[in-house]
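Undergrad: Please find one structure pasted underneath; my questions will follow.
The values are calculated or read from the model by the stated rules, or taken from the named source; none is laboratory data. For clarity, every value in this text was computed on a predicted model and none was experimentally measured. Here the Cβ positions follow ideal geometry from the backbone for every residue, glycine too, while neighbour counts run over all protein chains shown.
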Amino acid sequence: MTVVEILLSILILVLLIPVLVLFKQVLLAALVKVKSTQLTAKRPSIAVIVPAHNEHLLIQSTIASVLPQLTAQDRIIVVADNCTDDTAKIAREAGAEAIERFNQDARGKGYALDFGVRHCTNQPPEVIIIIDADCQVGEGALNKLAIACVQYDRPIQALYLMKSPAGAGLKTKIAEFAWLVKNLVRPSGYAVLGLPCQLMGTGMAFTWQSISQANLASGHIVEDLKLGIDYCLAEKPPLFLPEALVTSEFPTSTEGLSGQRTRWEHGHLGVIFSEAPSLFVQAISKGNTGLLALAFDLIVPPLALLMLLMVTVFVVAGLFYAVTDLVMPLCLALAGLVLLGSAVLLAWAVFGRKVISLASLCYAPIYALMKIPVYLNFLIKRQVSWVRAKRDD
């Protein structure tokens, strides 16, 4: 083998790792149904914290989905964070407790969450549940999250799905399918093996003791990923509870959808490069299987990027074969493409038929090509601060 062949093969093998993780998660989710969690603990007291920045259009609907699930011992607290609209006023009128925070030098969801948790110090609940201001909470979801949280003494993550709004175009439908794979299929595959999931930003439940000690006050662009890692390091890996459903809708504006995806994907890629290497070292040195599983899950990039990378190395390997007749890199790249394609098709066949048609899914490669500027911007103009997704207002 030549040096170039060895280096190219190593590069492809590295890319095969996230492909294999994805394929394994999809295969397990498709073949084995996640067992329903048997909840036997007593229902604890709850404080629902809703961080909100200029959410006057949606906050009333969110509160309306939460209030019927609360008891007299519970409370819902809307943190109107650096708002320039009447989010706080509408929240109070809708029946929530609203607190306002103004600090332009400390912006981001993490700061709002910290403010809300500290507000509960004088009257601490047994469980804190975080719900984003643009979400709808499924029937019975809060009870399930709270009971599971005290029963297992671990963070609990609900099934969080993003839906396409009425009349949404193909681009949004493809994004909805990718979200389904990320937030339902992959964590379900891990749950079959009893492995933890990533925290997803909303529909998250924590015991008061653990969340009151967590380091929340930051402007981290993907504070949920970072928080999930912190809990795994503390040997309390998050547990996936698909029976509890939380939903939201993608922004209808192109600008809003693009900005939201950029924030998520730049944040995810940033965490991969900054956190993943040390996580593998710590997981192996400490024998922390939960942390190791989370590290492998973390290195799976967004589907569009993974597809672009695999196609790129396949083309390079094909050119290399045409010039040298050395076939090993081409075989490895072809195997990666087959595994990735099989994972996507299997996820669609079992979980995604109601979201998108197979004919529409065939446009996914074009969608991936359209996202090349997003990934190039990660290298030259990375988004590092939290920015609210633009909606219709």
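Undergrad: May I ask you to say which residue of Pro44, Pro18 is touching a residue at least 24 places away in the same chain (Cβ under 8 Å) and within 30 Å of Arg118 (Cα to Cα)?
TA: Details: Pro18 fails: within 30 Å of Arg118 (Cα to Cα).
Just one listed residue meets the conditions, Pro44.
Undergrad: Given (1) surrounded by fewer than 18 Cβ atoms within 10 Å (Cβ to Cβ); (2) touching a residue at least 60 places away in the same chain (Cβ under 8 Å); (3) assigned to a loop (DSSP other than H, G, I, E, B), identify the lone condition not met by Ser360.
TA: (3)
Undergrad: Suppose we filter Glu93, Glu97 for residues that are surrounded by fewer than 19 Cβ atoms within 10 Å (Cβ to Cβ), modelled with pLDDT of 95 or more and more than 20 Å from Ile128 (Cβ to Cβ); which single one remains?
TA: Numbers: Glu97 fails: more than 20 Å from Ile128 (Cβ to Cβ).
Glu93 is the lone residue from the list that is surrounded by fewer than 19 Cβ atoms within 10 Å (Cβ to Cβ), modelled with pLDDT of 95 or more and more than 20 Å from Ile128 (Cβ to Cβ).
Undergrad: Checking Ser9 against (1) more than 21 Å from Leu225 (Cβ to Cβ); (2) out of contact with any Asp or Glu (no Cβ under 7 Å at 6 or more places or on another chain); (3) free of Cβ contacts under 8 Å to residues at least 40 places away in the same chain, only one condition comes out false. Which one?
TA: (3)
Undergrad: Another question, then. Just to be sure before I move on: is Val78 part of a strand (DSSP E or B) and either among the hydrophobic types (A, V, I, L, M, F, W, C) or in contact with a Cys (Cβ under 6 Å, 6 or more places away or on another chain) (or both) in the structure I sent? Before the answer, list the steps.
TA: Working: part of a strand (DSSP E or B): yes; either among the hydrophobic types (A, V, I, L, M, F, W, C) or in contact with a Cys (Cβ under 6 Å, 6 or more places away or on another chain) (or both): yes.
Against the criterion (part of a strand (DSSP E or B) and either among the hydrophobic types (A, V, I, L, M, F, W, C) or in contact with a Cys (Cβ under 6 Å, 6 or more places away or on another chain) (or both)), Val78 qualifies.
Undergrad: If you check Ser253 against the conditions, is it modelled with pLDDT of 90 or more and more than 20 Å from Leu303 (Cα to Cα)?
TA: no
Undergrad: Also, quick follow-up: Among (1) out of contact with any Gly (no Cβ under 8 Å at 6 or more places or on another chain); (2) over 26 Å from Gly140 (Cβ atoms); (3) β-branched (Val, Ile, Thr), which single condition is Ile99 missing?
TA: For Ile99, the failing item is (1).
Undergrad: OK, next. Which of the residues spanning segment 103-114 are touching a residue at least 40 places away in the same chain (Cβ under 8 Å) and either in contact with a Pro (Cβ under 7 Å, 6 or more places away or on another chain) or not hydroxyl-bearing (Ser, Thr, Tyr) (or both)? Give the steps one after another, and end with the answer.
TA: Within segment 103-114, the subset touching a residue at least 40 places away in the same chain (Cβ under 8 Å) is 106-114.
Once the filter is applied, which keeps residues that are touching a residue at least 40 places away in the same chain (Cβ under 8 Å) and either in contact with a Pro (Cβ under 7 Å, 6 or more places away or on another chain) or not hydroxyl-bearing (Ser, Thr, Tyr) (or both), segment 103-114 yields Ala106, Arg107, Gly108, Lys109, Gly110, Ala112, Leu113, Asp114.
Undergrad: Shifting gears a bit: Looking for whichever is of a type in the set (A, V, I, L, M, F, W, C), at pLDDT 95 or above and under 26 Å from Val271 (Cα atoms) here; the options are Leu339, Leu346, Leu303. Which one fits? Explain how you work it out, then say what you get.
TA: Values: Leu346 fails: under 26 Å from Val271 (Cα atoms); Leu303 fails: at pLDDT 95 or above.
Exactly one of Leu339, Leu346, Leu303 is of a type in the set (A, V, I, L, M, F, W, C), at pLDDT 95 or above and under 26 Å from Val271 (Cα atoms), namely Leu339.
Undergrad: Turning to a different aspect of this structure: Within segment 56-69, does at least one residue satisfy the condition of being in contact with a helix residue (DSSP H, G or I) (Cβ under 8 Å, 6 or more places away or on another chain) and either among the aromatic types (Phe, Trp, Tyr) or modelled with pLDDT under 95 (or both)? Before you say what the answer is, go through the steps one by one.
TA: Restricting attention to segment 56-69, the residues satisfying the condition of being in contact with a helix residue (DSSP H, G or I) (Cβ under 8 Å, 6 or more places away or on another chain) are 56, 59-60, 63, 66, 69.
Narrowing the set further to residues that are either among the aromatic types (Phe, Trp, Tyr) or modelled with pLDDT under 95 (or both) leaves 56.
The answer is yes, given that some residue of segment 56-69 is in contact with a helix residue (DSSP H, G or I) (Cβ under 8 Å, 6 or more places away or on another chain) and either among the aromatic types (Phe, Trp, Tyr) or modelled with pLDDT under 95 (or both).
Undergrad: Determine which single condition Gln38 fails, assuming it passes every other condition in (1) touching a residue at least 40 places away in the same chain (Cβ under 8 Å); (2) closer than 19 Å to Cys149 by Cα.
TA: Among (1) touching a residue at least 40 places away in the same chain (Cβ under 8 Å); (2) closer than 19 Å to Cys149 by Cα, Gln38 violates only (1).
Undergrad: Could you check Leu16 against (1) under 24 Å from the mean Cα position of the chain (by Cα); (2) under 24 Å from Leu225 (Cβ atoms); (3) assigned to a loop (DSSP other than H, G, I, E, B) and say which number it fails?
TA: All conditions pass for Leu16, except number (3).
Undergrad: Now, a different point. Taking the stated definitions as given, is Thr62 of a type outside the set (Lys, Arg), touching a residue at least 40 places away in the same chain (Cβ under 8 Å), under 21 Å from Ala244 (Cα atoms) and loosely packed, with under 15 Cβ neighbours inside 10 Å?
TA: On the way: of a type outside the set (Lys, Arg): yes; touching a residue at least 40 places away in the same chain (Cβ under 8 Å): yes; under 21 Å from Ala244 (Cα atoms): yes; loosely packed, with under 15 Cβ neighbours inside 10 Å: no.
So Thr62 fails the test.
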